[in-house]
Amino acid sequence: MNSFSGLGARLLALLLLLGLGLGIFYLTQTPPSQPKDRGPSEDIPLFTSSRQCKSCHADLWEEWSKSHHAIAYTNPEVRKLSDDFRQKACQDCHLPRPIFETGLAKPPLPRQSRPDEGVDCLSCHMRPDGRILGMKARPRAGCKPLAEPRLGSVDLCKTCHNQHQTTDQWAASPFAKKGVTCNSCHMPEIPGKPGRRSHLVKGAHDLATLQSAARLGVGVSGNKILVEVENKGAGHNLPTEERHRAVDVVYRILPPGAKAKAWDPPFTRLYRFRQPYLGDPGPNTQLPSGQTWKGSFEIPKDLQQKGARVQVRLLYQLTPFKKDEEGALLYQWEKILP
């Protein structure tokens, strides 16, 4: 009985020593939530809203507040197309938690707060432990950002914008081979401010950006009108994304002396560039970067006369199922027949 008790006491002492050793080892390590570059005594503010960024970054905050990132969740068109976000998958990218939580190039998680801020500063610039990230470390700045060069990477954009293969399209484009990235076009450097990039994130809602992406060419061969559209400036398909994007080639022929309003009489659609969404019928007709589409139409015999007017237009449709006149007019070609 005494020998058993002595053995038990020795085992208990050994277990206590092992526990003490493990405890000391644990206490000397840095937990993942408190990395070595963030000490518990550092005076770093807790960020809960992008509005906190405005006091130090007023210019960038104003740009962001005018962008479609800012209204990613409140935009009426988005709410309509997502069935008021009953399509839950849409919320992941339109109201995301900080994307560094799940990792770049991986689908983000949706948050349940600040719907009026959409894709906000914290979505891209916050680390899971609450630290703010920037392209450079700035220990004297109020938010003491840590350096994170991946903020300028395509993988950052891929997190949300590859849900419809946009960054995959870029990877297969001539732009990728030249090292021209998403930021080169959509977040260019601000003149006179090296290292600072615009946060307007201009794209499908900016006419100049759309016009820089496409070229419309039209020629006449006898009674045939030859049309071509080139994706000359987009580092992805034209248009990219699904469902609420289309590029249309439309035309009309007016008899001599006819007076017509901008869209009356209506135009005839010659071709539509679009990727069908889910159950939509038809093939993917998007135009890849650097490629050219060619088409044609005949002038009807009754309009093959001097003074007849031929018009060809290239339109960008944010919502393909609206009327042509609601789209953005990128280019128009017009010729009066001799």
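Rule-based calculations on the coordinates, nothing more; no lab input. Not measured: the values here are computed from a predicted model. Heads up, the Cβs are rebuilt from the backbone with ideal geometry, glycines too, and the neighbour counts pull from every protein chain shown.
Suppose every Lys and Arg Cβ carries +1 and every Asp and Glu Cβ carries -1, with no other charges. What dipole size does the chain come out with about its Cα centre, to the nearest 20 debye?
Using Cβ point charges on Lys, Arg, Asp and Glu, the chain gives about 460 debye.
Each of 63, 298 was scored by other Cβ atoms within 10 Å of its Cβ. Arranged with the fewest first, they read 298, 63. Calculated over region 207-336, the projected area of the Cα convex hull averaged across directions stands at 8.2 nm². Within the shell defined by Cβ-Cβ distances under 11 Å, the residues around residue 187 carry a net charge of +1, with Lys and Arg each +1 and Asp and Glu each -1.
In plain terms, the chain from residue 332 to residue 296 could stretch by 11.4 nm, reckoned as 0.36 nm per residue minus the Cα-Cα distance. Result for the chain in a Gaussian network model with C-alpha springs under 10 Å: among 109, 254, 151, the largest mean-square fluctuation is at 254.
If R0 equals 45 Å, the separation of the Cβ atoms of residue 163 and residue 223 corresponds to a calculated FRET efficiency of about 0.50.
Were the residues from residue 79 through residue 190 laid out at 0.36 nm apart, the gain over their Cα-Cα distance would be 36.8 nm. Could you pull out the pairs from 88/178; 88/322; 158/178; 80/294; 88/144 whose alpha carbons sit more than 29 Å apart here? Pairs exceeding 29 Å: 88/178; 80/294; 88/144. Remark: the residue 112-residue 138 segment gains 6.3 nm on full extension, using 0.36 nm per residue and subtracting the alpha carbon distance. With K and R counted +1 and D and E -1, the other residues having a Cβ less than 10 Å from that of residue 337 yield a net charge of +3. Shape of the chain from the C-alpha gyration tensor: prolate (a/c of 1.5 or more and a/b above b/c, with a ≥ b ≥ c the square roots of its eigenvalues).
Screening the chain for DSSP H helices whose Cα atoms reach 15 Å or more along their own axis and whose mean Kyte hydropathy is at least 0.0 gives 2-27. Overall, the anisotropy analysis places region 71-210 in the oblate class: the square-rooted eigenvalues a ≥ b ≥ c of its C-alpha gyration tensor yield a/c not less than 1.5, with a/b not exceeding b/c.
A Gaussian network model of the chain, with springs between Cα atoms under 10 Å, assigns the largest mean-square fluctuation among 194, 239, 98 to 194. Result for the chain in a Gaussian network model with C-alpha springs under 10 Å: among 221, 50, 65, the largest mean-square fluctuation is at 221.
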